[in-house]
Amino acid sequence: MNSVALVLSSGGPRGFAYIGAIEEILRRGYVISSVTGTSAGALVGGVYAAGGMETFKEWITGLSLAQVMTLMDPSFTRTALVKGERLMQEIRKRVPDVHIENLSIPFTAVATDLYTGEEVLFREGPLFDAVRASISIPSMFEPVRIGIHTLVDGGICNTFPLNRAVRKKDDILVGFNVNEIDAAGIRSYLDSRRELDSKGAALKEEAEHAFKETFNAPGTDSLRRMRELIVTGIETVREDRRLESDGRDRRIPTRADGNVASILDRSFGIMNCAMARQNIALFPPDILVSLPYDSYQGVAAYSRAKEIIEKGRELMSLAFDRFEACRGLSSNL
């Protein structure tokens, strides 16, 4: 039976996709021999390793946005917006808080030392101390202090820890990255946006000129030209609406520079994407699954767990279909 060394990236609500992905791996008859994760990857990976996936899944798929908001216990400090205690309490109600070294498979959670900038690996000790440290998004959650370390989100130093996977002979390294930015798609949208804006500006200038001509010297030609411009203007408005609709469907980040928070969030996302790409190049997995960074964003996405889980299942299924087809072809050569 084939074993899988599974690596899960950071990724906020997109990390719920890992639940569907894990279920798909097991459905195909593979054995997960180790799990390595950062932030959301550490959370879902740790829940799986502790045997709490079913109860955790049942809980998160039943959360409404209002219920998600109740998990955000305010932190009246200068270091964070949320304590993170209420969230961990709710998880502990459903998943046993065991010691990592007592899990049935090797588990690694990645965090970052806020002072030294060093990567801190948790491979022993209380599971949810490790998870809480790994998910400590700077400014969102309060840092975690363990021993000499003040710890924040592992995504700061290693967002997709392929290099930390615990391997065994003849296993399959499977990596799921939910921080890939579709640069080509965004660039295509922005080019279309720029062309349409230029077309609209030129049309407005021409219409103003035609209106003056019609007002000063009304005639058949000038009236016909005005009608043509009106028709062109209506079609341009329709093109604009189609482009905006397409941008929403493809989740193009049209307001990334809207305010300080959106700029910081986008910057953090770009950093994660770049770091993940570098690790993929240095430590290429046998199977790589990617979910776009822009696919599910913001607090509201945490109330869409069921949809995200199914997306993860779909993506993992497609990836294994390709892998198994290639492996079958190679074995026949």
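As a test of the definition: which semi-axes, in Å, follow for the stretch 1-106 when you take the square root of five times each eigenvalue of its alpha carbon gyration tensor? Largest first, please.
Working through the eigenvalues yields semi-axes of 27, 15, 13 Å.
Roughly what % of Cα-Cα distances in the chain sit above 27 Å, to the whole percent? The partial results should precede the final answer.
Working: 28283 of 55278 pairs.
Tail of the P(r) past 27 Å holds 51 percent of the pairs.
With the Cα gyration tensor of the stretch 135-176 in hand, convert its eigenvalues to equivalent ellipsoid semi-axes via √(5λ) and list them largest first in whole Å.
So the three semi-axes of the stretch 135-176 are 28, 13, 7 Å.
Over the C-alpha atoms of the stretch 98-172, what are the Rg and the largest Cα-to-Cα span, Dmax, in Å?
Rg then Dmax for the stretch 98-172, in Å: 12.7, 42.
Test of understanding: extend the Cα→C-beta vector of PHE76 to 7 Å, then name every residue of the stretch 122-144 with backbone N under 17 Å from that spot.
Hits in the stretch 122-144 for PHE76 at 17 Å: 142.
For the stretch 73-221, max minus min Cα coordinate along each principal axis, in Å, sorted largest first?
Its Cα atoms span 89, 49, 34 Å along the three principal axes.
May I have the pair-distance distribution P(r) for the stretch 230-272, computed from all Cα-Cα distances with 5 Å bins from 0 and rounded to whole percent?
Using 5 Å bins, I get a P(r) of 6, 20, 16, 16, 15, 11, 8, 6, 3, 0 for the stretch 230-272.
Once every DSSP H run of n ≥ 4 in the chain is given -39500 (n - 2.57) and the sum is divided by its residues, what mean residue ellipticity at 222 nm do you get, rounded to the nearest 500 deg cm²/dmol?
Dividing the helical sum by the residues of the chain leaves -17000 deg cm²/dmol.
Please report, in Å, the Rg and the Dmax of the stretch 130-212, where both are computed over Cα atoms only.
Looking at the stretch 130-212, its Cα Rg and Dmax stand at 24.9, 80 Å.
If one puts a single equal scatterer on every Cα of the stretch 153-287 and applies the Debye formula without solvent, what log₁₀ I(q)/I(0) results at q = 0.10, 0.15, 0.16, 0.22 Å⁻¹?
-0.58, -0.87, -0.93, -1.23
Nearest 20 debye, what's the magnitude of the dipole of the stretch 135-202 about its Cα centre given +1 on Lys and Arg Cβ and -1 on Asp and Glu Cβ? Kindly include the intermediate steps, with their values, before the conclusion.
Working: 9 positive and 9 negative charges, 42 e Å.
The dipole of the stretch 135-202 has a size of about 200 debye.
Can you return the lysines within cross-link range of LYS93? Criterion is Cα-Cα under 28 Å, with same-chain partners fewer than 8 residues away left out.
Hits, sequence-local ones excluded: LYS57, LYS83, LYS306, LYS311.
Step by step: find N for the stretch 48-135, compute 2.2 N^0.38 Å, then divide the Cα radius of gyration by it. What's the final number?
Against the empirical 2.2 N^0.38 Å value, I get 1.20 for the stretch 48-135.
If you take the Cα atoms of the stretch 279-333, find Rg, then find the Kirkwood Rh from the mean of 1/r over all pairs, what is Rg/Rh?
Values: Rg = 15.1 Å, Rh = 13.5 Å.
Ratio value, two decimals: 1.12.
Read-outs throughout are calculated quantities, based only on the coordinates presented, and are distinct from any laboratory measurement. Since the structure is predicted, the reported quantities are computational estimates derived from the model, not experimental observations. Cβ sites come from the backbone with ideal geometry, for glycine too, and all protein chains shown count toward neighbours.
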